[in-house]
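Scroll down for the structure; my scribbles are underneath it.
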Amino acid sequence: MNKSIFRNTGLVTLVSLLMACGGNSKDTPVPEPIPEVVAPDTPAPEAPIAAEIANGGFEEDTTGQTTPVGNWVFRPDQESSATSTIEIIESQEGVNTYKGTKAAEVIVNTLGDNPWGIEIAYEDLPITGGKNYEFSVWAKGEEGTSADFWIQTPAPDYGQLSLVKETLTGEWQKITLTAATAEADSLVRLAIHFSKEENINKSIYLDEFSGFILDDVPAEEIPDVQYSEVTAQSLKALAPNFNIGVAVPAGGFGNSIIDRPEIKTIIEQHFNQLSAENIMKPTYLQPTQGEFFYDDSDELVNYAKDNSLTVHGHVFVWHSQIAPWMQSFQGDKAAWITMMENHITQVATHFEEEGDNDTVVSWDVVNEAFMENGKYRGEKTTNDSADESVWFENIGAEFLPLSYKAARAADPDADLYYNDYNLIWNADKLDAVINMVNDFHNNGVPIDGIGFQSHISLNSPDISTIQAHLQKVVDIRPKIKVKITELDVRMNNEGGIPLTYLTSERADEQKQYYYDIVKTYLETVPEDQRGGITIWGVIDEDSWLQNWPEPTTEWPLLFFNDFTAKPALQGFANALKELIEVAEPAPSSELLTNGDFEAGLDSWQARGSASITLDTTQAHSGNNSALVQGRTETWNGIQKDIKGLFSAGETYNVSAWVKLSDDSTTVSPDIKLTLQIEHTSTEYLELTPVTTVNAGDWVQLSGTYTHSITTQESAALLYVESNELTANFYVDDVSVTLVE
Ligand SMILES: [Ca+2]
Ligand SMILES: [Ca+2]
Ligand SMILES: [Ca+2]
Ligand SMILES: [Ca+2]
């Protein structure tokens, strides 16, 4: 019996019963006879609905085959110089096949850069949406070998439905995965990845793939999550002298910020520095030898300049993302040095600006020159296929000091950084970098700072490790700068079942971790050594982590995809608030007391027959000004005796703000600030040029005055006067400062 038909029958029955009992009394239908459901004595076992995996046991193939029947794809070397052998083998059932005489065998030779470099996949397996599936495969591998078993949505999304990382035991074992398909899904892919150190030169056998429907996926709605409140209005306003950066694409690169007003709004609100995510990398700036391409990077730099942002240049010399011509460049060591130095010189010179107001203020000169064991990349001290660098291999370690010297020569006022990943927790690697810096210092090679990339996971590394690693660089003498250059914080820990949405709890954990990182940085790195903190992207969906190293969602950044700030941003802001001392305004160099009338008319007098009153309806600053009325002579006004204020030979800036009262019958009188000095004679000195004022705006009277009188004065009357007797006017912010 088909289960679904049985269910439907039951439903009809129930509806019929309800109608019979509670139906409309006026029009009571004659109850239908209730169908009798007879339970069979021994119900036939219901066969589960199977997924149609063609040739799941490889019995349709022949030995040595690498393109099996069905939608199987063997990829022994799809990524980054990974190599392996994957083919159909023949064996006795139970030995190297689980069932029948055929199975697939994988022998890993070299690992690739990423964890899916060596893969067996079954593409485009038809499934029914909205069902829970169970898939299984039998595997046998030498004890300690391992593989990652995936159920994914098809290319190009590779959305993760299920992942099992299994260590093999030497015996045949069944690997089972359950996966919930979405209503919209109609195809999935099965994938198994083998790029692991422990598999090198070992055999792994796979046989008998199958899958079937378990049941329906209960409708699950992502709840409307209430995240903790974000009140921070602007990160950069909390730390005006601290570099708060963000990496962005620009120009013709996909997702360019130039075409995205919401992103620009965020940048201009919160950040004061940009890094080019990709468009200043070598392959981008010199795609063909001798032909430099600056359109996109210039657009980024111009945008930064127009919005008072600086740019951290990334990057002159890197083993990765270099153009094919550079990768395969032919020449002896001297030719390689010339080629490398030319790239640095050309690019640095392009962005160098005359004077010290440059937009590009710092550079990652060399990126990622060391392996995790602290040896040079390219020195081949590891089995890692990423242990390759055309720079080290063709020039030797000398490429490092040569790069920094070339960079300094071309851009003398930029901070020159060495940048690398895992420095925030890997002591071997960090020590190697510190040794390099010390060598540079001993040999007069310029370097200004170390960049910690800091692509990290929630609470990993722990804060004490981060502190210790930052401290090591802080302690280098002579002092260099410390910069966090590429910060992002993954929310899914490797190997765990990924979150389907960012929960409020996890968002708050991220907030705390961002807070801890920024706080630790500010507590550890003294102000003169702070290079700043740069976040590697603006909104979560723009992060490189959306598709690397595994297709998943990581919520690593400070903004949600709808451009609203995440609790993580509040964490960042809270640390800035606590630890950045916003400089007090410079101690006032104002020599005049109560020039702003905020202490009332104290020390000010009417001059001549004028009357002066404190006015609280008009003020250039604060709450008060002085109103001058009733003048009968042009020299009448308001005055203050500043005897002894001026020193002989010194020059002063003098200024006052004046606004005409609208009860004046004149509309544009001339007003000036004058000094009457009483010493051996009486002198009248015009401190500011004659200035026309009006009733619409405050107007500044402003000038400089050099005190050339050397004799002691008995009075020095600073006063405001007007050529028009009918001019009634407000005065505020009378100021005298020394010109240094
Ligand atoms: Ca088989
Ligand atoms: Ca410069
Ligand atoms: Ca410059
Ligand atoms: Ca005032």
>> Can you tell me how many residues within segment 616-660 are more than 54 Å from the chain's Cα centre (by Cα) and more than 16 Å from Tyr719 (Cβ to Cβ)?
In response: 4
> So which residues in segment 407-428 are within 16 Å of ligand 3 (Cβ to nearest atom), over 13 Å from Asn367 (Cβ atoms) and small (Gly, Ala, Ser), if there are any at all?
Replying inline: Ala409, Ala410, Ala414
> If only one of Ala51, Ala44 is more than 47 Å from the chain's Cα centre (by Cα), at pLDDT below 95 and either closer than 27 Å to Leu125 by Cα or surrounded by fewer than 16 Cβ atoms within 10 Å (Cβ to Cβ) (or both), which one is it?
Replying inline: Ala44
>> Restricting to segment 201-229, name every residue that is β-branched (Val, Ile, Thr) and crowded, with 16+ Cβ neighbours inside 10 Å.
In response: Ile204, Ile213, Val217
>> Only one of Ala247, Ala323 is under 21 Å from the mean Cα position of the chain (by Cα) and either surrounded by 15 or more Cβ atoms within 10 Å (Cβ to Cβ) or within 30 Å of Glu398 (Cα to Cα) (or both). Can you tell me which?
In response: Ala247
> Got a sec? Which of Val315, Val311 is within 16 Å of ligand 3 (Cβ to nearest atom), in contact (Cβ under 8 Å) with a residue 12 or more places away in the chain and within 20 Å of Thr485 (Cα to Cα)?
Replying inline: Val311
> Pick from Thr688, Thr706: which is of a type in the set (S, T, N, Q), more than 16 Å from ligand 4 (Cβ to nearest atom) and surrounded by fewer than 18 Cβ atoms within 10 Å (Cβ to Cβ)?
Replying inline: Thr706
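Rundown of residues vs (1) surrounded by 16 or more Cβ atoms within 10 Å (Cβ to Cβ); (2) within 16 Å of ligand 2 (Cβ to nearest atom), yes/no style:
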| position | (1), (2) |
| --- | --- |
| Thr288 | no, no |
| Asp296 | yes, no |
| Gln330 | no, no |
| Ile337 | yes, no |
| Asp358 | yes, yes |
| Val366 | yes, no |
> Hey, among His270, His319, which residue is in contact with a Lys or Arg (Cβ under 7 Å, 6 or more places away or on another chain), farther than 22 Å from Gly449 by Cβ and of a type outside the set (Val, Ile, Thr)?
Replying inline: His270
> So how many residues does segment 603-615 have that are more than 53 Å from the chain's Cα centre (by Cα) and within 16 Å of ligand 4 (Cβ to nearest atom)?
Replying inline: 5
>> Of the residues Glu633, Glu581, Glu554, Glu598, only one is part of a loop (DSSP other than H, G, I, E, B), among the charged types (D, E, K, R) and touching a Lys or Arg at 6+ places or on another chain (Cβ under 7 Å); which?
In response: Glu554
>> Against the conditions (1) out of contact with any His (no Cβ under 7 Å at 6 or more places or on another chain); (2) more than 13 Å from ligand 4 (Cβ to nearest atom); (3) part of a loop (DSSP other than H, G, I, E, B), where does Phe646 fall short? Just the number, please.
In response: (1)
>> I'd like to know if segment 575-586 contains one or more residues that are at negative phi and either within 16 Å of ligand 3 (Cβ to nearest atom) or aromatic (Phe, Trp, Tyr) (or both).
In response: no
> What are the residues in segment 334-384 that are of a type in the set (Ser, Thr, Tyr) and within 16 Å of ligand 3 (Cβ to nearest atom), if any?
Replying inline: Thr345, Thr349, Thr359, Ser362
> When residues of segment 169-193 are filtered for being at pLDDT 95 or above, part of a loop (DSSP other than H, G, I, E, B) and over 21 Å from Glu90 (Cβ atoms), how many remain?
Replying inline: 1
> On the given criteria, is Ile476 surrounded by fewer than 20 Cβ atoms within 10 Å (Cβ to Cβ), without any contact (Cβ under 8 Å) to a residue 60 or more places away in the chain, outside the structural domain of Ile344 (by TED's automatic domain parsing) and more than 16 Å from ligand 1 (Cβ to nearest atom)?
Replying inline: no
>> Can you report the number of residues in segment 210-262 which are assigned to a helix (DSSP H, G or I) and either closer than 25 Å to Lys131 by Cα or in contact with a strand residue (DSSP E or B) (Cβ under 7 Å, 6 or more places away or on another chain) (or both)?
In response: 3
> Give me the pairs: first residue in segment 520-543 and part of a helix (DSSP H, G or I), second residue of a type in the set (Ser, Thr, Tyr) and at pLDDT below 95, beta-carbon distance under 9 Å, and six or more apart or on different chains, which are they?
Replying inline: Asp540/Thr553; Glu541/Thr553
> Which of the residues that make up segment 404-452 are within 16 Å of ligand 2 (Cβ to nearest atom) and part of a helix (DSSP H, G or I)?
Replying inline: Tyr404, Lys405, Ala406, Ala407, Arg408, Ala409, Ala410
> Can you name the residue in segment 421-435 that is touching a Leu at 6+ places or on another chain (Cβ under 9 Å) and over 18 Å from Gln529 (Cβ atoms) and is also farthest from ligand 4 (Cβ to nearest atom) among such residues?
Replying inline: Lys429
> Which one is farthest from the chain's Cα centre (by Cα), of the residues in segment 65-107 that are buried (at least 20 other Cβ atoms within 10 Å of the Cβ) and under 19 Å from Ala386 (Cα atoms)?
Replying inline: Ser84
> Glu208 is checked against (1) on the phi < 0 side of the Ramachandran plot; (2) modelled with pLDDT of 90 or more and fails just one. What number does that condition carry?
Replying inline: (1)
> Any idea which of Thr593, Thr617 is away from ligand 1 (no atom under 16 Å from the Cβ) and assigned by TED's automatic domain parsing to the domain that holds Ala656?
Replying inline: Thr617
> What is the one condition in (1) within 23 Å of Leu591 (Cβ to Cβ); (2) not in a strand (DSSP E or B) that Ala695 does not satisfy?
Replying inline: (1)
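Each row is one residue, and each column tells you yes or no for (1) closer than 30 Å to Val108 by Cα; (2) out of contact with any strand residue (DSSP E or B) (no Cβ under 8 Å at 6 or more places or on another chain).
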position	(1), (2)
Val365	no, no
Arg377	yes, no
Leu400	no, no
Ala410	no, yes
Ala414	no, no
Tyr417	no, no
Phe440	no, yes
Asp448	no, no
Asp462	no, yes
> In segment 108-126, is there at least one residue being touching a Leu at 6+ places or on another chain (Cβ under 7 Å) and surrounded by fewer than 18 Cβ atoms within 10 Å (Cβ to Cβ)?
Replying inline: yes
> Which is over 19 Å from the mean Cα position of the chain (by Cα), more than 18 Å from Phe370 (Cα to Cα), of a type in the set (S, T, N, Q) and assigned to a loop (DSSP other than H, G, I, E, B), of Thr500, Thr465?
Replying inline: Thr500
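The values are calculated or read from the model by the stated rules, or taken from the named source; none is laboratory data. Keep in mind that what you see is a predicted model, and the values were worked out from it rather than measured. For neighbour counting, all protein chains shown are included, and Cβ atoms are generated from backbone atoms with ideal geometry for every residue, glycine included.
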